[in-house]
1. Need the full-extension length gain, K64 to S37, defined as separation in residues times 0.36 nm minus the C-alpha distance. One decimal, nm.
2. So for I52, I57, fewest C-beta neighbours within 10 Å to most, what's the order?
3. So what J values fall out for the range 33-44 if you push phi through Karplus, 6.51 cos²θ - 1.76 cosθ + 1.60 with θ = phi - 60°, rounded to Hz, Gly and Pro as x?
4. Less than 20 Å from a label point 7 Å out along the Cα-to-Cβ axis of D17: which backbone N atoms in the range 36-70 qualify, by residue?
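Derivation of every value follows stated rules applied to the coordinates shown; laboratory data play no part. Note that the coordinates shown come from a computational prediction; the quantities given were computed from them, not determined experimentally. Methodologically, a virtual Cβ is constructed for each residue, glycine included, from the backbone with ideal geometry; neighbour enumeration extends over all protein chains shown.
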Amino acid sequence: MDKNKTSCKEVMSHICDNLGEDLDSPKCIAIKQHLESCDSCQQYFHSVEKTINFYKIYNAEITKESHNKLMDFLGLADCEDK
């Protein structure tokens, strides 16, 4: 298996962890079942998966100024400044 490819189990685990749920909880089982039967959610899931994989392998270096502009544009706090 490709080290950079995220598995469905890893994604489900991450989703469930963020929901504060166990992987075998009814909520996580329902999410998995929905993903298996919903074309729109499958497309969204695969889009997110491709984006994650792209950023795992793409190691771009940007200037601090560009980084700060991006963080400001996105309205995000910079973890490095904390």
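1. Contour length minus Cα-Cα distance gives 5.4 nm.
2. Starting with the residue having the fewest Cβ neighbours, the order is I57, I52.
3. Ordered by residue, 3J(HN,Hα) equals 5, 5, 4, 5, 10, 10, 4, 5, 5, 5, 5, 5 Hz.
4. Only 45-46, 48-57 fall inside the zone, counting backbone N under 20 Å.
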